[in-house]
Amino acid sequence: MTIASPNNQLNLKAIFLLLIVYSIGSYGQSYQFEVILKEKDTVQYNNSSPTDYLTAEAVSRKNKHFVPITPNDFPVTISYLDSLNKYYKVKAVSKWFNLSVVQTNDSLSIDTLKKFPFVESYKFIGKSDFSVSRISRKNEITEINYGSASAGINQVKGEYLHNNNYLGENITIAVLDAGFQNTNSMNIFTSLFNEQRIIAEKNFIFPATDVYGLDLHGTQVLSVLAGNKDGEYVGSAPKSNYILLVTEDVREENLIEEYIWTQGAEYADSLGANIINSSLGYNTFDTQVFDHLQSELGKSTAMVSKGARTAVQKGMLVISSAGNEGESSWKNLLFPADEELVLTVGAVNIQGNHVDFSSTSPTHINFVKPTVAVLGEKVGISSGNGIYSSANGTSFACPIISGLAACLWQALPNKNQHEIKSIIEQSAHQYNSPDKQIGYGIPDFSQTIEHILYSNQTKAPILFPNPTSTSLITLHHQSTFKVIDVILFDHTGKPQNKVIFKETNEERTTLTLPTLSVGSYFLTFITDLGLFQKQLIVN
């Protein structure tokens, strides 16, 4: 795996030493094998009782979007895993592909697999010697003020969703990463824990430990998503629910991590996650014979890309960082960013130009990649110590889009994963002329408001545009009331000059504002059914 933060080799010896206390088993060289299993237990698990193996939320999400429950949703047969565990260490399990990955210190002992009647086939996928993982980060982190923390959201006009109270509520984002060090003790995440919006956490690398004592990378990614400290830092989805999953082993770089990523995605699906945020990517490994080839990109053949594709087919929106190989010999996308069904996020600078480190699409891929791009240079983050910083990488561009996708999905709950992805694509600035550097370009979430306004799910009246720099705005509402008068107040409650309003049809009232200074205002609408108030931001 290459964590999607640009190239600069990082000494991980200290991290390795810290991880020793969590390790299980020997530090000697071991061998890993993919084991394809035969039939599943269709007596204990079947379509008629899906809540035996999926949460009610997962079943509801699938039914809502007409995603069928199939045998690959059934758990892997437990007795098979128990049998394997007597001879090997089961390191990863995939119900979608009905397989496990086992590890042994004796490569010859793998011949025992031939004796198991439930084993369909097996193959060698790599060695583990706990060598140093090739995490690459551009270590240009400096203290910054809150203003630069909002740069990414402002670039894609995400505030249009936030100002209409779409903050990601009731949408669950699964974050697959290397660790979430100190997340449970940081002020920026206080509301996340107090409101019990972390619905699950799981460490697939060190199962006996929690997710809060490992790498900082996941902490930084989560800050872009879920940070919520008023006046200091507010992330892209401050009210979403979260599933925190450690699927990346920073000690080494082996093919098994693609299997563990897939297992993490399966776990997220079983809990009813709507979105997967993956700021991880794979191309080369410690055992070079398993390195991916450029020709594999876009073919859905890599295990992690197959896992991501299946995750989308199961009803989730998978959002992946493109990778930071633009200045390396690889140059192109990492896996699973290459998967056609995945929303892949590249990086631009504050001026909106492609940054050199952001991975691009190879010429042989005939669909648009990356999908979109957003700020990936000097992105505001929190590093686990309460100090706000900036960092570079598609790792930090990815959660900007993931969070705002959650806000959009909250506003359009009847849309499915493909439709949400399409709406984001269509809002991007070069949708009609995509390229292989930034794809469709930079999304404009103010344009997605139009989808919300005309969705039959819209109930609360919405001001558009808001924020505004023009005197002409529109109140969109259902035809259940008639506007009688409109009164404008400043943030202190002082009445302002009169607002001229006109109902252009039963669901739209046009407002002409007086000349206003930059700031926050409140519009009170008096209707035949009562009154209500909307906040207006003038910029």
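Applying the criterion of being under 38 Å from the mean Cα position of the chain (by Cα) and part of a loop (DSSP other than H, G, I, E, B) to the residues of region 482-525, the residue that is surrounded by the fewest Cβ atoms within 10 Å (Cβ to Cβ) is 517. Residue-level check: of (1) in contact with an Asp or Glu (Cβ under 6 Å, 6 or more places away or on another chain); (2) closer than 19 Å to residue 405 by Cβ, residue 313 misses just (1). Between 252, 248, the distinction of being surrounded by fewer than 23 Cβ atoms within 10 Å (Cβ to Cβ), more than 25 Å from residue 163 (Cα to Cα) and either touching a residue at least 12 places away in the same chain (Cβ under 8 Å) or of a type in the set (Lys, Arg) (or both) belongs to 252 only. Just for region 281-293: of the residues that are under 17 Å from residue 126 (Cβ atoms) and assigned to a loop (DSSP other than H, G, I, E, B), which one is nearest to the chain's Cα centre (by Cα)? Taking the candidates together, the pick is 283.
Scanning region 422-436 for residues that are touching a residue at least 60 places away in the same chain (Cβ under 8 Å) and buried (at least 21 other Cβ atoms within 10 Å of the Cβ) turns up just one, 424. Residue-level check: of (1) assigned to a helix (DSSP H, G or I); (2) under 19 Å from residue 217 (Cβ atoms), residue 311 misses just (2).
Okay, residues lined up against (1) aliphatic (A, V, I, L, M); (2) touching a Lys or Arg at 6+ places or on another chain (Cβ under 8 Å); (3) in contact (Cβ under 8 Å) with a residue 40 or more places away in the chain:
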| residue | (1), (2), (3) |
| --- | --- |
| 503 | no, yes, no |
| 508 | no, no, no |
| 525 | no, yes, yes |
| 534 | no, no, yes |
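Within region 112-124, residues that are surrounded by 10 or more Cβ atoms within 10 Å (Cβ to Cβ) and of a type in the set (Phe, Trp, Tyr) sit with their Cβ atoms under 8 Å from residues that are modelled with pLDDT under 85 and in a strand (DSSP E or B), at 6+ positions apart or across chains, in these pairs: 124/31. Where helices (runs of 4 or more DSSP H) fall wholly inside region 1-101, the ranges with 1 or more residues that are of a type outside the set (Val, Ile, Thr), at pLDDT 80 or above and loosely packed, with under 12 Cβ neighbours inside 10 Å are 56-64, 78-85. Contact annotation: residue pairs with Cβ atoms under 6 Å, 6 or more positions apart or on different chains, pairing a residue in region 335-348 that is farther than 19 Å from residue 374 by Cα with a partner that is assigned to a strand (DSSP E or B), are 335/282.
Residues in region 205-257 that are of a type in the set (Asp, Glu) and more than 17 Å from the chain's Cα centre (by Cα): 210, 215, 230, 232, 249, 252, 253, 257. Residues in region 185-231 that are aromatic (Phe, Trp, Tyr) and either assigned to a helix (DSSP H, G or I) or surrounded by fewer than 18 Cβ atoms within 10 Å (Cβ to Cβ) (or both): 2 in all.
Report yes if residue 246 is assigned by TED's automatic domain parsing to the domain that holds residue 221, at pLDDT 95 or above and out of contact with any His (no Cβ under 8 Å at 6 or more places or on another chain), otherwise no. For residue 246, the condition - assigned by TED's automatic domain parsing to the domain that holds residue 221, at pLDDT 95 or above and out of contact with any His (no Cβ under 8 Å at 6 or more places or on another chain) - is met.
Do you know which residues across region 247-275 are of a type in the set (Val, Ile, Thr) and either closer than 25 Å to residue 62 by Cα or assigned to a loop (DSSP other than H, G, I, E, B) (or both)? 247, 250, 260, 262, 275 - these are the residues of region 247-275 that are of a type in the set (Val, Ile, Thr) and either closer than 25 Å to residue 62 by Cα or assigned to a loop (DSSP other than H, G, I, E, B) (or both).
The values are calculated or read from the model by the stated rules, or taken from the named source; none is laboratory data. Keep in mind the model is a prediction, meaning the values are calculated, not measured. Cβ coordinates were reconstructed from backbone atoms using ideal geometry, including for glycine residues, and neighbour counts include every protein chain displayed.
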